[in-house]
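**Q** Have a look at this one.
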Amino acid sequence: MALLTCSHLTLGYEGNPVLSDLSFSVDAGDYLCIVGENGSGKTTLMKTLLKLKTPVSGRIAMGDGLKQADIGYLPQQTAVQRDFPASVREIVLSGCLNRRGFRPFYSADEKKRAEERMTRLGVGHLAKRCYRELSGGQQQRVLLARALCAAGRVLLLDEPAAGLDPQASEEMYALIKALNGEGVTILMISHDTAASLPYATHVLHIGTPLFFGTAGEYAAYRKGATS
Amino acid sequence: MSIAELFQTLGYYFQKEYVVYAMVVAVLIALCSALLGVTLVLKRFSFIGDGLSHVAFGAIAIASAMNLSNDFLLVLPVTVVCAVLLLRVGQNAKIKGDAAIAMISVGTLAVGYLIMNLYAKSANLSGDVCATLFGAASILTLTDTEVWFCAILSVLVVTAFLLFYHKIFAVTFDEDFSAATGIRARVYNLILAVIIAVVIVVAMNLVGSLLISALVIFPAMSAMRVFKSFREVTVCSVITSVSCAAVGILISIVAGTPVGATIVTVDIAGFALFCAAGFLFRRRVSA
């Protein structure tokens with residue numbers, strides 16, 4: 001069974017649908033790229049998958065023993081974060097909170113877990129640095145490390161390369177691909193299709209018309225649409 | 001006045017019970033408000049403290065009109081309810097957060113003053129109002145009950161903050177991420193709202209309702225000039241706040257100035273010092 005199956009989803013704000021009759025499924029190990037115009041409902045879809053919003057109608061089913069706590073999230077940066085006084089270690093560790101219940105302090109295991117994730121994403125040497133003083137690419141890596149502390153099976157990424165220079169954004173995509181290669185299922189929103197599509201195995205195009213299929217099918221579909 | 005005389009004066013005052021009470025209460029309040037201030041400032045909620053203190057003012061007016069034996073019994077629940085409402089409204093786009101706060105804040109101030117006027121108990125109405133707004137000398141006339149009440153609430157606030165420290169950090173830094181990965185962000189926002197209300201009500205005794213925001217905001221802002229991790233900022237903010245409150249009380253005792261205003265002025269001076277320190281520190285790092 002597929003990891004995530006969405007059937008006939010309608011999404012919207014306060015009953016006004018922005019997106020209707022959306023169906024797609026994601027298997028373990030997939031790399032799904034979600035593309036579409038601004039305001040087409042990409043972020044709304046992601047928040048619905050994360051159970052931050054409830055769909056107007058339709059169903060999201062999880063299979064293969066996937067639990068909500070297995071899904072990690074890389075949100076877009078908020079204004080609050082840009083001048084937040086916090087060290088890299090504090091932020092990455094906060095990803096471990098969700099598996100802790102009421103214990104008030106971090107265990108040695110969790111500290112080790114955070115350490116490993118930081119090293120894996122190449123921000124280990126920045127552990128004591130202040131988050132707001134890092135470059136955009138480093139900040140995204142820190143948030144990615146936090147997401148990996150929270151969950152390791154599925155990652156939902158909302159514009160991971162937004163605001164990065166071409167080189168940093170290239171590195172970010174390569175890093176995400178490497179994680180995908182290690183077995184992490186990726187769902188990523190991107191409007192920089194030229195840079196992100198080469199890595200994807202599947203594409204979901206939101207808007208009219210809706211499209212869902214493999215990357216190869218999408219390329220053929222686009223060719224057909226333009227010629 | 002020479003140094004020896006100064007210490008003699010202070011020694012004389014500290015033999016009096018009420019001065020010791022004032023000192024203890026001031027330190028506790030400064031501690032709580034600084035702990036919370038960091039989160040409030042970072043969440044962009046600085047004005048909620050201000051709004052809530054006006055709510056507390058309105059509630060005090062009603063309590064005194066109703067001749068309640070202990071004002072806190074009415075003031076605390078009313079402020080807690082308003083804190084919860086304000087934080088919820090902040091997330092709802094129908095009435096924008098800042099407008100809602102402004103409405104509640106001036107609304108309760110006006111109604112509170114009106115009620116105080118209609119049911120004036122003492123001949124010195126403007127003195128009473130002034131004391132509630134600016135704290136005046138009320139800290140030096142604290143009763144046993146008030147000191148205990150303040151001490152217990154402070155212990156509760158500090159305990160709650162320590163127990164939930166990491167969660168408060170996570171929810172402050174990134175509410176969406178926390179909620180998405182299974183932390184009950186709403187519950188912690190609610191806990192925060194309740195703690196804020198408690199701190200405001202307790203702090204009203206010290207500096208009065210118009211000056212509370214200063215206690216909440218200045219120490220946090222000072223600490224953020226220099227320190228860069230959440231923990232350092234929190235610790236530094238607490239130390240700054242407690243020292244400023246202590247110095248402020250000493251000055252106000254010796255110089256006979258109003259307690260609340262003196263403490264806030266010391267806080268402002270502290271902020272200026274930290275700004276300068278931050279500036280010098282950055283220059284040395286970049287040079």
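Please treat every number below as a calculation from the coordinates, not as lab data. Everything numeric here is computed off the predicted structure, so don't read it as measured data. Please note: Cβ atoms are built from the backbone with ideal geometry, for glycine as well, and neighbour counts cover all protein chains shown.
**Q** Can you figure out the FRET efficiency of residue B:24 with residue B:130, using R₀ = 25 Å and their beta-carbon distance, to the nearest 0.05?
**A** That gives a FRET efficiency of 0.50.
**Q** Next question. Rounding to the nearest 10 and keeping the result within 0 to 90°, find how far the Cα-based axis of helix A:108-120 lies from the longest principal axis of chain A.
**A** 60
**Q** Rg to Rh for chain B: what is it, with Cα atoms only and Rh by Kirkwood?
**A** Rounded to two decimals, Rg/Rh equals 0.99.
**Q** Going by how many other beta carbons lie within 10 Å of each one, how would you line up A:66, A:143, fewest first?
**A** Ordered from fewest to most neighbouring Cβ atoms within 10 Å, A:66, A:143 come out as A:66, A:143.
**Q** Give, as ranges by residue number, the residues of the stretch A:41-77 whose backbone N falls under 11 Å from the point 7 Å along Cα→Cβ of residue A:10.
**A** Of the residues in the stretch A:41-77, A:56-58 have backbone N under 11 Å from the label point off residue A:10.
**Q** Let me ask something additional. Please give the net charge around residue A:141, taking every other residue with its beta carbon less than 13 angstrom from that of residue A:141, where Lys and Arg add +1 and Asp and Glu add -1.
**A** +3
**Q** Which order do peptides B:228-236, A:72-80, B:271-279 fall in by mean Cβ count within 10 Å, highest first?
**A** Ranked by mean Cβ neighbours within 10 Å, highest first: B:228-236, A:72-80, B:271-279.
**Q** Within the stretch B:167-203, name every residue whose backbone N is under 16 Å away from a label modeled 7 Å from Cα of residue A:69 along the Cβ vector.
**A** Zone members listed by number: B:178-185.
**Q** Of the residues A:103, A:89, A:59, which exhibits the maximal mean-square fluctuation in a Gaussian network model of chain A defined by a 10 Å Cα contact cut-off?
**A** A:103
**Q** Among the complete DSSP H segments of chain B, which ones combine at least 18 Å of alpha-carbon extent along their axis with a mean Kyte-Doolittle hydropathy of 0.0 or more?
**A** B:17-42, B:46-65, B:72-91, B:97-118, B:144-163, B:185-207, B:212-226, B:230-255, B:259-286
**Q** Quick one: net charge around residue A:215, please, counting Lys, Arg +1 and Asp, Glu -1 for every other residue with C-beta under 11 Å from its C-beta.
**A** Combined, the nearby Lys, Arg, Asp and Glu give -1.
**Q** Name the residue, out of B:181, B:257, B:240, whose mean-square fluctuation peaks in a Gaussian network model built on chain B with Cα pairs under 10 Å.
**A** Result for chain B, Cα springs under 10 Å: B:181 fluctuates most.
**Q** Just flag the trypsin sites (Lys or Arg not before Pro) in the stretch B:1-91 sitting in loop per DSSP whose Cβ has no more than 13 other Cβ atoms within 10 Å.
**A** When the trypsin sites (Lys or Arg not before Pro) of the stretch B:1-91 are filtered for loop state and at most 13 Cβ neighbours within 10 Å, B:16, B:44 remain.
**Q** PRE reach from residue A:76 (point 7 Å along Cα→Cβ): which of the stretch A:183-227 fall under 19 Å by backbone N?
**A** The answer is A:187-197, A:204-208.
**Q** If I fit a long axis through the Cα atoms of helix A:136-150 and take the longest principal axis of the Cα atoms of chain A, what angle between them do I get, 0 to 90°, rounded to 10?
**A** Roughly 90 degrees, rounded to the nearest 10.
**Q** Summing +1 for each Lys or Arg and -1 for each Asp or Glu, what net charge is found among the other residues whose Cβ lies under 15 Å from the Cβ of residue B:163?
**A** Net charge around residue B:163: +4.
**Q** Moving on. List the pairs from A:42/A:67; B:43/B:228; A:51/A:177 whose alpha-carbon separation is above 20 Å, in the order I gave them.
**A** A:42/A:67; A:51/A:177
**Q** Same structure again: Based only on other Cβ atoms within 10 Å, what is the fewest-to-most ordering of A:149, B:32, A:130?
**A** Fewest to most other Cβ atoms nearby, the residues stand as A:130, A:149, B:32.
**Q** Between residue B:145 and residue B:186, how many nm apart are label points set 7 Å from Cα along the C-beta direction?
**A** 3.8
**Q** Quick one: check the C-alpha center-to-center distance for the stretch A:26-46 versus the stretch A:172-193, whole angstrom.
**A** 12
**Q** Counting partner chain Cβ atoms within 10 Å of every residue's Cβ in B:222-232, what's the average?
**A** 4
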